[in-house]
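Here is the structure we will look at.
The values are calculated or read from the model by the stated rules, or taken from the named source; none is laboratory data. This structure is a prediction, so every number in the text was calculated from the model and none was measured. So basically every Cβ, Gly included, is an ideal-geometry build from the backbone, and we count neighbours across all protein chains shown.
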Amino acid sequence: MSALTVEALGAAADAVERHLPDLVAERFASRLFAQDPTLWGEEAESEASVRLSWVGLPRSSRPLVGEVEALREQLRDRGVSRVVLCGMGGSSLAPEVICATAGVPLVVLDSSDPDMVRASVQEDLAATAVVVSSKSGSTLETDSQRRAFVQAFTDAGIDPTERMVFVTDPGSAMDEQARADGYRVVNADPGVGGRYSALTAFGLVPSGLAGVDVGALLDEAEEVADLLAEDDLGNPGLRLGAALGGTHPLRDKLLFTDLGSGIHGLADWAEQLLAESTGKQGTGVLPVVTPEGAAPAAGITEPGDCTVVALTADPDDGEGNGEGTDGGDDHGAADAATATGSRVNVGGSLGAQFLLWEVATSVAGRLLGINPFDQPDVESAKQAAREIMGSGGGATKEPRAVDGAVELRAGEWLPTGTDTVEAAVSALVDQLDPARGYLAVMVYLDRVEHADLAEVQADLVRRTGRPVTFGWGPRFLHSTGQYHKGGPAQGVYLQVTGTPRQDLPVPGQDFTFGEVIAAQAAGDAAVLADHGRPVLRLHLTDQRRGLAQLRDVLSR
C-alpha cells in the first residue's frame, strides 16, 4: 500500500490550520475528483471544464501499459537500445524524472541549441528510437527536432517510420500528418493540460519504451487516489496545497531540498507544475530548486517570504534508500526551516507524488484566486519569438558594451557607461528588492555540455542574499517563464546566450536551430521588458572564453 506524508511546520502549519476546515466543508477534494469546473470561479470555468481528466488517470491510462510493452518489444527486435525524447515542458519533465528515478537511460532533447541537437542526432543512430511529443502538435522546437531526426534516419538508410513514435492530442496537426506519413501515433487524453500529464501517454510512452515498469507507477498513484479524493482533515493533498498557497502574508518562494527521497528530479517537475499554474495576475508561488548538498536557505538574509519544501523518503520504504542529497541527514533543512519559520516535509512514492502535487497545485490555485490551468504569458513569449522569426530574425541592436568575449545588452535601467560584465551584474543586483526580490538566471546554451554552470547559483545566493532560480532556455520558458512574467514584479533577470560553435539548418525550413534559439531568447527578453522587468543579456561571442569570463564574475 502506497503512503503519503505531509508535515507542515511554522507558518506552513498555520496556513493548514487556517484553510483546511473550509476546504473540507466546501467538499473541495470530492468535487475536484468529480471534475467540478466551478472550483476556481467563473473566469476559470471554461478552461477547467476541459482540463480535469488527470484526476482519473491512474485508472484511465491502464490500456497504455500493454500497448507500450508491445511497442517496446517491436523496437527491441529492430535493434533499438537507445530512446530519445523530443519534447518541451510537460512533454519531457515527467519522463525525465520517471526514468532517472528508475535508473533507466533516456535522452531528453528539450532544446533548440544547435550543439545539443547535433549531439543527440549523431550519437548511435543505428540503435536509436525517437519519441516526438507535443500536445498541440505545433511546438516549434519539437517540430524542428522531428525534422532533424527524420533527415538523419533517411540519410543513414533507416526508415524513420520504423524508429519514430508520435505522442499528441487526437486531431492535432501532428496527429493527422504523422498518421498520413505512416508513423505510429499514440494519442494522449485531450482533457489533460501539459503540466498535469505525467500519467498520460506523454509520461508513460517514452518512459515505458525506455524500459520503466509504467504499470507499477500507475499502481502507486491509484493506491492514493481515494485518499486524495476524501473530504477529510487528513487529506495530504489539501494539507500540502494549503501550506503552499495559504500562508499569510504569502510566502511566495518555495525552497526545495531533497532529504533522501530517492526520486531524482521531482523538484524540477514540480517547478513547472507550480510556477506555470500559479504565476499569473501578479501573484503565485515560485519554486526554487536549490543546488544539491546546499542548505536551501543558506545565504538568504531575509527569508521571511520563503517556505522550505523538504522531499523525504517514501514512508513505505522502511529504511529509506539513503540516495538523497545528504544521505537522509535532516540537519540542513531543519536549520533552514528554523531560519525561514516555515517548512513542509513531503514523502511518498513517485506515482503517488505526481497525483499529490497536482491536487495540491489545484488547491493552491483556489486559495490564490487564480486559474491554475492556463498559461497566458507562456503564449506571449511564443508569439514574440514567432514574430522575430517571421521578420527574418530582426535587426540585432548594437550591444551597450563589449567586454572580452561577452556582449552586454540591457534596457535603460543599466547606468550609462557600464562597460564590464562585473559592473553590469552588480548593477542588476542593485535592482533587487532585499526583502522580496529574486534573481533568475536564464541560460540558452547546451545544458548537457555546460551542466556545471549551474554551480554559480549558490554563489549568487550568497552575493545577493536572495533566492536565485537557474533555468536552461528554452526549457524554462515552459516552466518558470510564466511566473517571471505573470507573477509578482519582484524578479531581476540575467540572460546568457551564445554564438554556437557550428549552426545547424532545420531540414525543410529556411531557418537554423541557432536562429530559433536566438529568437526565443530575444522574444523572452522583450516580453519581460514589456512587463517592466530589468533584463541583462550577456551574449558569448566565443563560448569557451565567454564562459570562463562569466564563471569568474558570477562565482565571486
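If you go through the stretch 527-550 and keep only what is surrounded by fewer than 18 Cβ atoms within 10 Å (Cβ to Cβ) and over 15 Å from GLU407 (Cα atoms), you end up with ALA529, ASP530, HIS531, GLY532.
Cβ-Cβ distances below 7 Å connect the following pairs, each with a first residue in the stretch 494-508 that is without any contact (Cβ under 8 Å) to a residue 60 or more places away in the chain and within 21 Å of ASP524 (Cα to Cα), a second residue that is in a loop (DSSP other than H, G, I, E, B) and among the β-branched types (Val, Ile, Thr), and a separation of six or more residues or different chains: THR499/THR541.
So that you can scan it fast, the table gives a plain yes or no per residue for (1) in contact with a strand residue (DSSP E or B) (Cβ under 7 Å, 6 or more places away or on another chain); (2) closer than 15 Å to SER362 by Cα:
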{"site": "ALA12", "(1), (2)": "yes, no"}
{"site": "THR38", "(1), (2)": "no, yes"}
{"site": "GLY41", "(1), (2)": "no, yes"}
{"site": "SER49", "(1), (2)": "no, yes"}
{"site": "SER53", "(1), (2)": "no, yes"}
{"site": "SER60", "(1), (2)": "no, no"}
{"site": "PRO63", "(1), (2)": "no, no"}
{"site": "GLU69", "(1), (2)": "no, no"}
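Filtering the stretch 482-531 to residues that are closer than 25 Å to HIS450 by Cα, acidic (Asp, Glu) and outside any helix (DSSP H, G or I) leaves only ASP503. Looking at SER46, SER60, SER53, just one residue is surrounded by fewer than 20 Cβ atoms within 10 Å (Cβ to Cβ), without any contact (Cβ under 8 Å) to a residue 12 or more places away in the chain and not β-branched (Val, Ile, Thr), and that residue is SER46.
Being modelled with pLDDT of 95 or more and closer than 26 Å to GLU223 by Cα holds for only one residue in SER46, SER61, and it is SER61.
Each row is one residue, and each column tells you yes or no for (1) more than 25 Å from SER349 (Cβ to Cβ); (2) in contact with a helix residue (DSSP H, G or I) (Cβ under 9 Å, 6 or more places away or on another chain); (3) of a type in the set (S, T, N, Q).
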| position | (1), (2), (3) |
| --- | --- |
| ARG72 | no, yes, no |
| ARG78 | yes, yes, no |
| VAL84 | yes, yes, no |
| GLY87 | no, yes, no |
| PRO95 | no, yes, no |
| ALA100 | no, no, no |
| ASP115 | yes, yes, no |
| VAL121 | yes, yes, no |
| VAL131 | no, yes, no |
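Of the residues in the stretch 547-556, how many are of a type in the set (Gly, Ala, Ser) and either modelled with pLDDT under 95 or under 15 Å from ALA521 (Cβ atoms) (or both)? Selection size over the stretch 547-556: 1. May I ask you to list the residues in the stretch 423-477 that are in a strand (DSSP E or B) and under 14 Å from GLN490 (Cβ atoms)? Hits for the stretch 423-477 are TYR438, LEU439, ALA440, VAL468, THR469. Looking across the stretch 27-43 at every residue that is in a helix (DSSP H, G or I) and small (Gly, Ala, Ser), the one that is surrounded by the most Cβ atoms within 10 Å (Cβ to Cβ) is identified as ALA29. Do we have THR128 as of a type in the set (S, T, N, Q) and surrounded by fewer than 23 Cβ atoms within 10 Å (Cβ to Cβ) here? Considered against the rule, which asks whether it is of a type in the set (S, T, N, Q) and surrounded by fewer than 23 Cβ atoms within 10 Å (Cβ to Cβ), THR128 comes out as no. For the stretch 412-422, a residue qualifies if it is over 18 Å from GLY491 (Cα atoms) and among the hydrophobic types (A, V, I, L, M, F, W, C), and exactly one does: VAL421.
For (1) touching a Ser or Thr at 6+ places or on another chain (Cβ under 8 Å); (2) of a type in the set (S, T, N, Q); (3) farther than 30 Å from VAL108 by Cα, each residue gets a yes or a no:
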residue	(1), (2), (3)
MET389	no, no, no
ARG400	yes, no, yes
ALA427	yes, no, yes
ASP430	no, no, yes
ALA435	no, no, yes
VAL441	yes, no, no
TYR444	yes, no, no
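Being assigned by TED's automatic domain parsing to the domain that holds CYS306 and modelled with pLDDT of 95 or more is a property that LEU254 has. Any residue at all in the stretch 141-154 that is out of contact with any strand residue (DSSP E or B) (no Cβ under 8 Å at 6 or more places or on another chain) and loosely packed, with under 14 Cβ neighbours inside 10 Å? Yes, that holds for at least one residue.
In this structure, SER120 qualifies as touching a Leu at 6+ places or on another chain (Cβ under 6 Å), closer than 25 Å to VAL443 by Cβ and assigned by TED's automatic domain parsing to the domain that holds SER197. Applying a threshold of 7 Å to beta carbon distances and a minimum spacing of six or more residues, or different chains, the list of pairs starting in the stretch 413-428 at a residue that is at pLDDT 95 or above and ending at one that is of a type in the set (Ser, Thr, Tyr) and in a loop (DSSP other than H, G, I, E, B) reads ALA424/THR418; ALA427/THR418.
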